[in-house]
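**Student:** Before anything else, here's the structure in question.
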Amino acid sequence: DGSFDEWYKHEHGFAATEITCIAYGSAALLGGGDWPRETWAKFERVARKASNFLLTHDDLIKANHEMAAAAALAIVGTVLKEKAFLDGAREKYDRVLTLRSKEGWFSEIAGMDMGYCSVLLDYAMLYHHLTDDARVPAHMSELFQFMTPFIHPDMTILPELGLCLNPYVSRLGTVLLSQHSPNAAWVTSQFASSETGFAGVEPYLSDDLRLCRWSYLPVLTYVLGRRNGLLNRDGQLAFIPKNAPPSFGITVAPLANIVSFRSKHMHAVFSPVGGGQVKAFVATEGGKWNSYQDLGYNQVLGNGVKVCTSGYDGNRQVKRLAPNIFELEVPMSPANFFFPGFLARLVLRVIGAIPGMAIWLRRGIDWYRQKFKTAVNQSSA
C-alpha cells in the first residue's frame, strides 16, 4: 500500500512513510538532476505510491505527524509536478490548524510538547517554502512567540516542558521563519554566538528514531538558508535582525501549564506540567552562563521500587501566591522503563499481518496514549 514500517512488522506507519518521503524527496529536489534514469524511475514509483497512502490517511493524534505529511506531499508534488499531491498538502495543513490552541501551540497526543513544537515548525516552513501558502508565516510566528521565552540562553529547552520529553530546538524552521518573525531572527542570530556544545546536537543523536528522522535537517537548514539569502557561507544570519529578544519578566502559559522568567542576568523555566522541574541560567561577570537544575524528588522504596515527582499532567494545579512565587503539590509515582516484551512484539506482528487489522492496532495504541497522556515509547525513562 506504499507505507513503511517503523516500530513493528506490518505496522503500516504513517510517520515512517512521510519521513521517508521528505528525506528522499528532498534529495531529489536538491540533487536529483544528477541521478541515473533507473534511480529516478525507482524514486518516482515508490514516492508516488507512498504519497497516495498519505493522501488517504491522517494522524491527528500528533500534530507534528500531520504537518510532516503536508511537507512530504508538497515535496513529492513539486518534484513530480503532481497537483493532487500539492492539493493534498494544503488539506493536511488545514487539518493541523484544527489542533491549534489559543496559545499558539499544537496538540501532541493529549497535551503539549515543546520539542515537537519545533519539529512541527520545521515541517510547516518546509511546506511553506514549496507552496508559498500565505497563511503559514502568521501561524508559525504565533507559535514561535509562544516558544521563545522558554528557549534557554544556550539554545536548549527543558525536556520536561512537554509530554514526550523531546529536547529538540528548531534550526530549519527558525531560519526559514526569520524573514517573517523578529523573534525567529533573534534566535537565529543567537545560534551563531551561543556555545551549545553537545547539547545542540544531542536531540539528533539520542536514539535511532531521531537519528533516522532528523539527521538531514541541519543540511537542509544550511542549503535552504543559503538559497533563500538568509544565511551566509559561514552559516550566520545574512541580514541584521530587528532587536527582539524575549521580553523581561514572567511569562505564564496557563494552557500549557509552564512558566518562564527572564531578566538581563537570569533565565529560569518552571514546569508545573512536568512535575515542578526548574532549570535556571545565571550570567557571570565574564558573560558566561552558569546553569542550575532541580528535577524534583526521587526515592527508592524498601521493595526497590523507585518513585519520583516527574510525570506529565496537563491539569496539575499550581497556585500563584505572589507575582514570582508559585506553589505546586505533586504526587510520588513509580518510574518505569517501558519496552514491549517478546510476547507483546509477537502479538503485534501476528495481528498486524491480518488484512485490515493494522488500522485497528493503531487506533488501540492511540486510545491508550490519549487516555493515559503518555507517548509510551518516548517518555518511558
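**Student:** Just to confirm my filter: which helices (runs of 4 or more DSSP H) fall fully inside the stretch 1-113 and include at least 2 residues that are in contact with a Gly (Cβ under 8 Å, 6 or more places away or on another chain), over 28 Å from F338 (Cβ atoms) and among the β-branched types (V, I, T)? Before the answer, list the steps.
**Tutor:** On the way: elements: 14-31, 37-55, 63-80, 83-97.
In the stretch 1-113, the matching helices (runs of 4 or more DSSP H) lie at 63-80.
**Student:** Could you list, ordered by first residue, the pairs with Cβ atoms under 8 Å in which the first is in the stretch 28-44 and over 14 Å from K81 (Cβ atoms) and among the aliphatic types (A, V, I, L, M) and the second is part of a helix (DSSP H, G or I) and open to solvent by less than 60 Å² (accessible area, probe 1.4 Å), at least 6 apart or interchain?
**Tutor:** If the second residue must be part of a helix (DSSP H, G or I) and open to solvent by less than 60 Å² (accessible area, probe 1.4 Å), the pairs left are L30/V223.
**Student:** Regarding Y123, is this residue in contact with an Asp or Glu (Cβ under 8 Å, 6 or more places away or on another chain), crowded, with 24+ Cβ neighbours inside 10 Å, of a type in the set (S, T, Y) and part of a helix (DSSP H, G or I)? Steps first, please.
**Tutor:** Values: in contact with an Asp or Glu (Cβ under 8 Å, 6 or more places away or on another chain): no; crowded, with 24+ Cβ neighbours inside 10 Å: yes; of a type in the set (S, T, Y): yes; part of a helix (DSSP H, G or I): yes.
No.
**Student:** Still on this structure, I have one more. Going residue by residue through the stretch 28-40, is there one that turns out to be in contact with a strand residue (DSSP E or B) (Cβ under 7 Å, 6 or more places away or on another chain) and surrounded by fewer than 18 Cβ atoms within 10 Å (Cβ to Cβ)?
**Tutor:** We begin by selecting, within the stretch 28-40, every residue in contact with a strand residue (DSSP E or B) (Cβ under 7 Å, 6 or more places away or on another chain); these are none.
No, the stretch 28-40 has no match at all.
**Student:** Additional query: Just to be sure, is R90 open to solvent by 10 Å² or more (accessible area, probe 1.4 Å) and out of contact with any Leu (no Cβ under 8 Å at 6 or more places or on another chain)? I'd like the intermediate steps shown before the answer.
**Tutor:** Working: open to solvent by 10 Å² or more (accessible area, probe 1.4 Å): yes; out of contact with any Leu (no Cβ under 8 Å at 6 or more places or on another chain): yes.
Criteria met by R90.
**Student:** Can I ask one more? Need the failing condition index for A84 against (1) touching a residue at least 40 places away in the same chain (Cβ under 8 Å); (2) open to solvent by 40 Å² or more (accessible area, probe 1.4 Å); (3) small (G, A, S), just the number.
**Tutor:** Of the numbered conditions (1) touching a residue at least 40 places away in the same chain (Cβ under 8 Å); (2) open to solvent by 40 Å² or more (accessible area, probe 1.4 Å); (3) small (G, A, S), the odd one out for A84 is (1).
**Student:** Could I ask something else about it? Looking at the stretch 6-27, which of the residues that are among the acidic types (D, E) and under 25 Å from V219 (Cα atoms) is least open to solvent (accessible area, probe 1.4 Å)?
**Tutor:** Initially, the stretch 6-27 is screened for residues among the acidic types (D, E), giving 6, 11, 18.
Right, trim to under 25 Å from V219 (Cα atoms) and you get 6, 18.
Details: E6: 65, E18: 2 Å².
Only one residue tops the list, namely E18.
The values are calculated or read from the model by the stated rules, or taken from the named source; none is laboratory data. Note that the structure is a prediction, hence the values are computed from the model and not measured. Reconstructed Cβ throughout: ideal geometry from the backbone, glycine too, with neighbour counts over all protein chains shown. Accessible surface is based on the protein model in full, side chains and every heavy atom, while ligands, DNA and RNA are left aside. Shrake-Rupley method; radii C 1.70, N 1.55, O 1.52, S 1.80 Å.
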